[in-house]
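All remarks here apply to the structure that follows.
The values are calculated or read from the model by the stated rules, or taken from the named source; none is laboratory data. Since we're looking at a predicted model, the values are computed, not measured. All Cβ positions, even for glycine, are placed from backbone atoms using ideal geometry, and neighbour counts span all protein chains on display. We work out accessible area using only protein heavy atoms, side chains counted, and drop any ligands, DNA or RNA first. Shrake-Rupley method; radii C 1.70, N 1.55, O 1.52, S 1.80 Å.
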Amino acid sequence: MDAEKSSSSSFEDLSNLNEQERAELASSVLDPTHMKAPETSHSTAEQQQKNECEPNPSEENEADSECMDILGNGTLLKKVLKKGRSELRPESKDLVTITYTGKLEDGTVVEEHSNVVVQIDDVEVVQGLDMALKLMNEGEVAEVIVNPRFAYGELGLKDPTELDPVIRSVPPNATITYTVTLVSMREESDIEARTYTSRKEIGNKKRLRGNYWMKRQEYNLAIQSYRRALEYLDDTVSAGGMMESGAGSVELSTTELQDLLEDRMKVYNNLALAQLKISAHEAALKSVDHVLKCQPNNAKALFRKGKILDAKGDTAGAITLLQKAATSDVDDKLIQSELSKLILKSKREARNERDLYQKMLGQAQKLEQKTKTAPAVQNNESSKVKCSSGQKLLSLIYLIFSNNLILQMMMWGYLVGTILIGVVGVAIFRYNNP
């Protein structure tokens, strides 16, 4: 799946909860006085949750008796305590005014706020509550039970000051039960119709919300907040420094233009970091290039682009950028530290490449020597074969020659013998006949 596409998602994977988790969630967060005894010992977790979510008889005249399992896996439950005054429900990007209280299983109040304005799908409250708000009618009062996954998770909340509505710290893996009233709702007005001051204020509010999610290592939610911030801070002025608002075109001062630019650069820098954290390298490069296009010597942007290139395997390019960043900000120890690490990494890579090259070269030389040795052995064997063949041939010729010589000697002996016999015969004949 494409990383950039996945980064735009507001919510994490919801498919890996089992029945036991669902049963444990329902049994741990609801008031035992509201629980019905199961008919048999083999009741399913879904039946238990349904029974637990039923209201007291005294509330049936106002409340909807059905408990809604929003995600279908028991991690987010909603029960209507009081029906709304209309059938209208907020949609994505709508602004809603809510009053809510969040409690732990032991009844400890950890969140409480009255008439606070939040924007739907901009995760300005915990994820579970943000999702549940879209299923509430205007004027409705509901109880929303949020599993830790969609509340404060494994980290909890150690410092209550990091989120205004929290009045007490939240322990890790805490299930929170919210009682929330949807006071009112309205559509988001056109961004272009807002004043410069309003857009700057809202944009920076969303940027800070993104920073909050970054600290909690919720990188997808941080990316979502940063992108929304850019909708208010990006492309808000024309090339001539004019900005459209409800009162018409307004000319911005040099200071206002510079402030707007600085705010955008902060968002893009943080957005690049969040995208790097989820390995969306190409998207991160685009974000950081927005900064370097306007501020070529921005040390933070140079540093983060260097980190991106390093993650992509371009160590040499990363070193060049970090050296430039170190020159721009000589007091930044983090840049110096990362630069030293990259230089050591580069040397180690160079040494490994050299060793690999030498190993490959050695193997090539051995192969070449082996190739040269093989023909020599073949030549020796061939010579031996040729020598042996020559010797056999010479032996054969000698044998033939020897046989011919003997034959010739025998023939000459026979001829001489015949002549001698003839001479002796003539001599005897003449002797006998004088």
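Observations on the structure shown:
- Label-to-label distance, LYS277 versus LYS333, with points set 7 angstrom from Cα along the beta-carbon direction: 2.3 nm.
- A probe of 1.4 angstrom, applied to the heavy atoms of all protein chains, finds LYS83 with accessible area near 130 square angstrom.
- Three-way shape label, segment 65-144, alpha-carbon gyration tensor, a/c 1.5: rounded
- With R₀ fixed at 56 Å, the C-beta to C-beta distance from THR254 to MET360 puts the FRET efficiency at about 0.35.
- Efficiency of FRET from Cβ geometry, GLU66 and GLN323, R₀ 56 Å, rounded to 0.05: 0.30
- Efficiency of FRET from Cβ geometry, ARG348 and THR195, R₀ 56 Å, rounded to 0.05: 0.50
- Contour minus Cα-Cα distance for LYS312 and SER340 (0.36 nm per residue): 8.2 nm
- Listed residues CYS294, CYS67 arranged by accessible area, highest first, probe 1.4 Å: CYS294, CYS67
- The label-point distance for THR179 and LYS215, in a model that sets each label 7 Å from Cα toward Cβ, rounds to 3.0 nm.
- 18 Å Cα-Cα threshold exceeded, pairs from LYS312/LYS345; LYS266/LYS333; LYS286/LYS307; LYS266/LYS293: LYS266/LYS333
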